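What follows is one structure encoded as structure tokens, with my remarks underneath.
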Amino acid sequence: MTLHALITRRQRALFQAWVSNPLVQVQVESPDVLGRLVFLDDPEDGLAAERAGRKSLRNVAIIRKSGNPDETASVWVRAGDASYRKAWLGFVEQVYGIKATSSDLAGYDVDHLLNKARSPAKYGFIRIEAINDAVNQAWGALFERAASHPAFSANQTRFRRTMSWIIAAKLMNQPPPRGPEDWNGIARLTRFFAQNGLADDDPQQGLTDMLEFAYRFR
């Protein structure tokens, strides 16, 4: 299995988990709560996070249980830690037995699913995954920059965060609209979500609300 094939599988598995349950976590306050919050259908209060290689649990944590690791294993980093690319590569080797290097990630960014600037004091633990680099950077330059404004109180106080329309779109290689008034861009994303099992969740309204809220301070 190639690294790129693994990335695609993990992206699809996480997206499908979110379609099934919108409370998929992307940020928590510490590794101690991962077992309880990550496995929504079967919470594991006593499941301890693993160290990633020799890295301290103060900075990087792996949580996993038996089953398909695309669905049951993930790696989380403290928002203020700068070595998250190495952490993700170490996770892939530790969990899948695939030894890869940064050059194998050509065309991808390893990034926080929630912008680290939205973590209080950059102290929360955020899930990281490999994302198409062009799509990731486009969302970063538009929505994520706006959503990270310090005027949003949640960015100063809220540690627990769940997946959103925006995170799901980025994960599934869907480029962003140009803003809350880009009706064609929003319609494109609405069609994507509707075709992937979310027609009844009103993706158009969800996307529009998130964009309008984030762009209040632009």
Report the extension gain between ARG160 and ASP133 in nm, rounded to one decimal, defined as 0.36 nm multiplied by the number of residues separating them, less their alpha carbon distance.
7.2 nm
Comparing ARG158, ARG64, ARG85, which has the greatest mean-square fluctuation in the GNM of the chain with Cα pairs linked when under 10 Å apart?
ARG158
So between ILE98 and GLU29, what do we pick up on full extension, going 0.36 nm a residue minus the alpha carbon distance?
21.9 nm
On a full-extension model of 0.36 nm per residue, what is the gain between ASP41 and ARG191, subtracting their alpha-carbon distance, rounded to one decimal in nm?
51.2 nm
Please identify which residues in the stretch 166-195 have an amide N closer than 13 Å to a label point set 7 Å out from the Cα of TYR215, following the Cα→Cβ vector.
176-187
Using R₀ = 45 Å, calculate the FRET efficiency as 1/(1 + (r/R₀)^6) where r is the Cβ-Cβ separation of ALA48 and ASN184; round to 0.05.
0.40
If you take the square roots of the eigenvalues of the alpha-carbon gyration tensor of the stretch 1-105 and sort them as a ≥ b ≥ c, do you get rounded (a/c under 1.5), prolate (a/b over b/c) or oblate?
oblate
To the nearest 500 deg cm²/dmol, what mean residue ellipticity at 222 nm is calculated for the chain from DSSP H runs of n ≥ 4 alone, each contributing -39,500 (n - 2.57), summed and divided by the residues?
-10500 deg cm²/dmol
Base-10 log of normalised Debye intensity for the stretch 3-175 (one unit scatterer per alpha-carbon) at q = 0.08, 0.09 Å⁻¹
-0.21, -0.27
Have a look at ARG161, ARG54, ARG127 and tell me which one the Gaussian network model of the chain (Cα, springs below 10 Å) gives the largest fluctuation.
ARG54
With a/c under 1.5 counting as rounded, go ahead and sort the stretch 1-47 into rounded, prolate or oblate using the C-alpha gyration tensor (a ≥ b ≥ c being the square roots of the eigenvalues; past the cut-off, prolate if a/b is larger than b/c, else oblate).
prolate
Near the amide H of THR162, under 5 Å away, which other amide H atoms are found, from residues 5 or more places off or on another chain, if H is placed in the peptide plane?
VAL26
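The numbers here are math on the coordinates, done by the rules we state, and not lab data. As the structure is a prediction and not an experimental result, all values here were calculated from the model. A quick note on method: Cβ atoms are made from the backbone with ideal geometry, for glycine too, and the neighbour counts reach across all protein chains shown.
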